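Taking it in order: structure first as C-alpha cells, then the write-up.
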Amino acid sequence: ALVIMDIIVETADGSIVNVEVQKIGYSFPGERASCYNADLLLRQYQRVRRNVSEEAARKGENPDKKFSYRMIRPVYTIIFMEKSNMEFKNFMNDYIHTFVPTSDTGLKLNLLQNYIFVPLDIFRNHLDALLRPAGKHPMTEKEAWLAFLSSDDPRVILRILEDYPGIFRPLYDRICTMCQNTKEMMHMFSEELSILDKNTVMMMIEEQQETIEQQKQELSQQKQELSKKDETIGQQKQELSQQKQEIEYLRRELEKALQKK
C-alpha cells in the first residue's frame with residue numbers, strides 16, 4: 001500500500017540492485033531493508049548454485065567443486081521515500097545515506113550487503129533551489145540522476161535534458177517503451193515479506209488510530225474539566241448573588257433601625 005515502485009535490476013558486473021520508491025517511509029526502515037536485502041542475497045545464492053549444478057550435471061562434474069562464494073555478487077537495497085521518516089528529518093542537509101559493512105580494525109573483507117536511503121522530500125528542497133532562475137546553474141550528474149529517478153515534473157525533465165541530453169534522452173525514450181511492455185516488470189520477493197509489509201502498514205495505521213483515540217480522550221477530559229470549572233463558576237455566581245441579597249437585606253434593616261431612632 002505504501003510502495004509506488006519496486007524493481008530489481010542486475011548491473012554489468014553481476015551485482016543485484018533492488019530500487020524501491022515508497023509513498024511514506026515504512027516504520028523500522030533499517031530492519032525492513034535488512035530483511036529484503038537478506039532475501040535478495042539468498043535468492044542470488046540459490047540461483048547461482050542451481051546454475052552451477054545444472055552446468056556440472058551436463059558435463060558430468062562434481063558441482064561442489066565448481067561452486068565458489070566468489071561467484072556471489074554484492075546486493076544493494078536503494079530506497080527512495082516520497083515522505084521520509086522522522087529519523088531522516090534530523091539530517092535536513094543530507095539526502096543520500098549510504099550504509100556499507102566496515103570493520104573497526106581496518107580489516108578489508110568483501111561483505112556483500114549494501115544500503116542506500118534517499119529521502120526525496122529533503123532532496124526536493126534542494127531541487128527547488130536548482131530550478132529557481134536566480135540560482136540557475138547546471139545540475140551535477142548525481143543530482144540529475146536523482147531527479148530522473150524521482151520526478152516527472154516537466155520543468156525537471158527539461159532541465160535534465162538541457163544539462164545532460166546524451167545520457168538521459170535515450171533513457172526517457174526507453175521509459176516510454178517500457179510503459180508499453182509490462183512483461184519486463186519483475187516480482188521476486190517472498191510471500192512472507194509481502195505479508196510482513198502488510199502487517200507493518202496495519203501496525204502503522206493502528207498506531208495512528210491509537211494516537212487519535214488518545215487525543216480524543218485528552219480532549220474529552222479537557223471538556224470535563226472545563227465543564228467542572230463552569231459548574232464551579234456557576235456555583236460561585238449563585239453564592240455571590242445570595243451574598244448580595246443578604247447585604248441588601250441587612251442594609252434595609254439598618255435603614256429601618258435608624259428611622260426608628
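The numbers here are math on the coordinates, done by the rules we state, and not lab data. Note that the coordinates shown come from a computational prediction; the quantities given were computed from them, not determined experimentally. Reconstructed Cβ throughout: ideal geometry from the backbone, glycine too, with neighbour counts over all protein chains shown.
Return the inverse of the average 1/r over all pairs of distinct C-alpha atoms in the chain, which is the Kirkwood hydrodynamic radius, in Å to one decimal.
That comes to 24.6 Å for the chain.
To the nearest 0.05, what FRET efficiency results for residue 152 and residue 34 with a Förster distance of 25 Å applied to their C-beta separation? In this case the efficiency is close to 0.25. Stretching the chain fully between residue 224 and residue 172 yields a gain of 12.7 nm (0.36 nm per residue, less the alpha carbon separation).
Around the amide H of residue 83, modelled in the peptide plane, lie the amide H atoms of 24, 25, all under 5 Å away and 5 or more residues distant in sequence or on another chain.
Segment residue 82..residue 107, full-extension length gain: 5.3 nm, with 0.36 nm per residue of separation and the alpha-carbon distance subtracted.
Per-residue Karplus couplings for the range 153-158, computed as 6.51 cos²θ - 1.76 cosθ + 1.60 with θ equal to phi - 60°, are listed in order as 5, x, 4, 5, 4, 5 Hz, Gly and Pro entered as x. Take each peptide in 55-64, 31-40, 71-80, 98-107, count the other Cβ atoms within 10 Å of every residue, and average; sorted highest first, the result is 71-80, 31-40, 55-64, 98-107.
Using the Cβ-Cβ distance between residue 99 and residue 203 with R0 set to 30 Å, the FRET efficiency from 1/(1 + (r/R0)^6) comes to roughly 0.80.
Here the 3J(HN,Hα) profile of the range 71-83, calculated from phi with Karplus coefficients 6.51, -1.76 and 1.60 at θ = phi - 60°, is 6, 7, 9, x, 10, 10, 10, 10, 10, 9, 10, 4, 10 Hz, Gly and Pro shown as x. Excluding same-chain residues fewer than 8 positions from residue 256, which lysines have a Cα within less than 26 Å of its Cα? By straight Cα distance, residue 256 reaches 244. For residue 47 and residue 128, a Förster radius of 45 Å and the Cβ-Cβ distance give a FRET efficiency of 0.60, rounded to the nearest 0.05. What the phi angles of the range 34-51 give under the Karplus curve with 6.51, -1.76 and 1.60, with θ = phi - 60°, is a coupling list of 5, 5, 5, 5, 5, 4, 5, 5, 5, 5, 5, 4, 5, 5, 5, 4, 5, 5 Hz, glycine and proline written as x. Across the chain, the relative contact order, built from alpha-carbon pairs under 8 Å that are at least six residues apart, equals 17 percent. For the residue pairs 83/142; 83/223; 59/108; 89/216; 83/108, alpha carbon separations beyond 31 Å are given by 83/223; 59/108; 83/108.
Dipole size of the chain about its Cα centre, with +1 on Lys/Arg Cβ and -1 on Asp/Glu Cβ: approximately 320 debye, rounded to the nearest 20.
Packing order of peptides 8-19, 243-254, highest average first: 8-19, 243-254 (average count of other Cβ atoms within 10 Å over each peptide's residues). Projected onto their three principal axes, the Cα atoms of the range 1-153 cover extents of 69, 36, 33 Å, largest first.
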